[in-house]
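The values are calculated or read from the model by the stated rules, or taken from the named source; none is laboratory data. All values derive from a computational prediction rather than experimental measurement. We place every Cβ from the backbone using ideal geometry, glycine too, and count neighbours over all the protein chains shown.
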Amino acid sequence: MQQRHLHEECGVFGVYSKERAALAQLCYFGLYALQHRGQESAGIVINDDGVFTSHKDTGLVGEVFTPDRLAALGDGNIAVAHVRYATTGSDSRRNAQPIVINHHKGGLALAHNGNLVNAFELRTELEESGCIFHTTADSEVIAYVIVRERLRCASIEDAVSAAMEKLKGAYSLVISSPAKLIAVRDEHGFRPLCMGERPDGSVVFASESCALEAVGARLVRELDPGEIVVADSSGVRSIRTHCDKAKPSLCVFEYIYFARPDSVIDGAGVSLARQRAGRFLAKEHPVEADAVIGVPDSGLDAALGYAAESGIPYALGFTKNKYIGRTFIAPQQSMREEGVGIKLNPIRSAIEGKRIVLIDDSIVRGTTCRRTIELLRSAGAKEIHMRVSAPPFVAPCCYGTDVDSAGTLIANHHTVPEIASIIGADSLGYLSMEHAMQLAGDECRGFCAACFGGEYPAGKPAPGGKNRFEQRIHSK
């Protein structure tokens, strides 16, 4: 598991309709738009007047949901959906979401994007009080904490608010109770969450605005850090009890890599943020070259920005197989390295005999970019100057990316010239921390940059790593 490339974990989606409708189809399109955020499993829960019908499994959205399976979900007025990549808990079917729990006050379905830092402690407390867990994901911990509070509180929104007092870390949630759809963003705002409205008046929540557009909804706004938004038969209302308790700390990699370029996050367009990164790189690390090439897909906009600022022509250097997912999905290093060659093929006419500026979003362990540079060399590149639209990745992430060990990060063990030599580049330049914090322009309210050596806004988890719950089970 330690050989994977940097990966973000999940996408959440939810719909509330005052009328009974075919919401499974809307979720299907919404999840398709969020497929880049998770390619290991997918799930949909349909709530029809308090009766929950669900289907979830490992695989891509189109594999998990055939027309027959979508039809079998039936109609309803509330839906919750999820695409997953495992950051806590393995990628087995049991950890697919949404999580569904039944209790004597009704059912609850929950979809989670993020990572708790106190999941181990909370799970231990819950187990000692009699809870039996069916998954090894921290998302089930969140669901149980909310249900426990629901048994004490007058309403589900009160229960969610009470649960937030106990949850530490990153969580953007979409939750269905029998009669309400609730969206929640942690007080730091680590992961994005937005709200939209369809022409028929139905309310939609999603990790990214691109999913709203996929179902014909207009973006209303982003949820603020710490905000709870409730949609039910009386309308939409906001609960701001937990707002302004912490400095906003959106994961900066949402702009650099995770989000789709057509999304708007916290008021800033992702494509423009990446172009801004490329412009910064051109100022920080100029070089004489014949063409600027971006690594598809997240490097393309940054390459456009570098070319515009430097005056070096932009060139399409790779053709991408559209039927291959992101290479970090491959569970083994050897498979992932081979996947680079299957996924990308260099365009020789744009490369041969030329000095190339190659733009990519990050270097985590160095294996993927080394293979990419080898592809350019094989196509006849004369020189390759690599520029990275992020600072060096030197620390593990606790809040929802699949990098939980500093020991695997190449920048922790090598200087920039050494890394350039290891990956086969003629030169290497990273984006500065100062400019990384400016990617969103005037819209920026604050970033988490712990992975670049900054502070951890919500602290760190107990030792044990990504699969600590599996390890704990095996040790008994």
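Key figures for this structure:
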quantity	calculated
Some residue of the stretch 203-212 being of a type in the set (S, T, N, Q), under 25 Å from Gly38 (Cα atoms) and in contact with a strand residue (DSSP E or B) (Cβ under 7 Å, 6 or more places away or on another chain)	yes
Residue check, Pro463 in a loop (DSSP other than H, G, I, E, B), modelled with pLDDT of 85 or more, out of contact with any Asp or Glu (no Cβ under 6 Å at 6 or more places or on another chain) and not assigned by TED's automatic domain parsing to the domain that holds Asp361	no
Options Ser427, Ser421, Ser432: the member that is touching a His at 6+ places or on another chain (Cβ under 8 Å), at pLDDT 90 or above, assigned by TED's automatic domain parsing to the domain that holds Gly299 and more than 19 Å from Pro296 (Cβ to Cβ)	Ser427
Which listed residue is touching a strand residue (DSSP E or B) at 6+ places or on another chain (Cβ under 8 Å) and closer than 24 Å to Ala259 by Cβ, from Gly14, Gly50	Gly14
Subset of the stretch 199-220 [surrounded by fewer than 24 Cβ atoms within 10 Å (Cβ to Cβ) and free of Cβ contacts under 8 Å to residues at least 60 places away in the same chain]	Pro199, Gly216, Arg218, Leu219, Val220
Residue list for the stretch 149-174, restricted to those being surrounded by fewer than 22 Cβ atoms within 10 Å (Cβ to Cβ), modelled with pLDDT of 95 or more and touching a His at 6+ places or on another chain (Cβ under 9 Å)	Ser161, Glu165
Condition met for Ala449 (modelled with pLDDT of 90 or more and touching a helix residue (DSSP H, G or I) at 6+ places or on another chain (Cβ under 7 Å))	yes
Which numbered condition Val416 misses (of (1) of a type in the set (A, V, I, L, M); (2) under 23 Å from Asp297 (Cα atoms); (3) touching a Leu at 6+ places or on another chain (Cβ under 9 Å))	(2)
Ala137 vs. criteria touching a Lys or Arg at 6+ places or on another chain (Cβ under 9 Å) and over 19 Å from Val12 (Cα atoms)	no
Selected residue (only one of Pro248, Pro192 is closer than 18 Å to Ala33 by Cβ and either surrounded by fewer than 19 Cβ atoms within 10 Å (Cβ to Cβ) or touching a residue at least 60 places away in the same chain (Cβ under 8 Å) (or both))	Pro192
Verdict on Ile359 being assigned to a helix (DSSP H, G or I), touching a residue at least 40 places away in the same chain (Cβ under 8 Å) and either outside the structural domain of Glu309 (by TED's automatic domain parsing) or not basic (Lys, Arg) (or both)	no
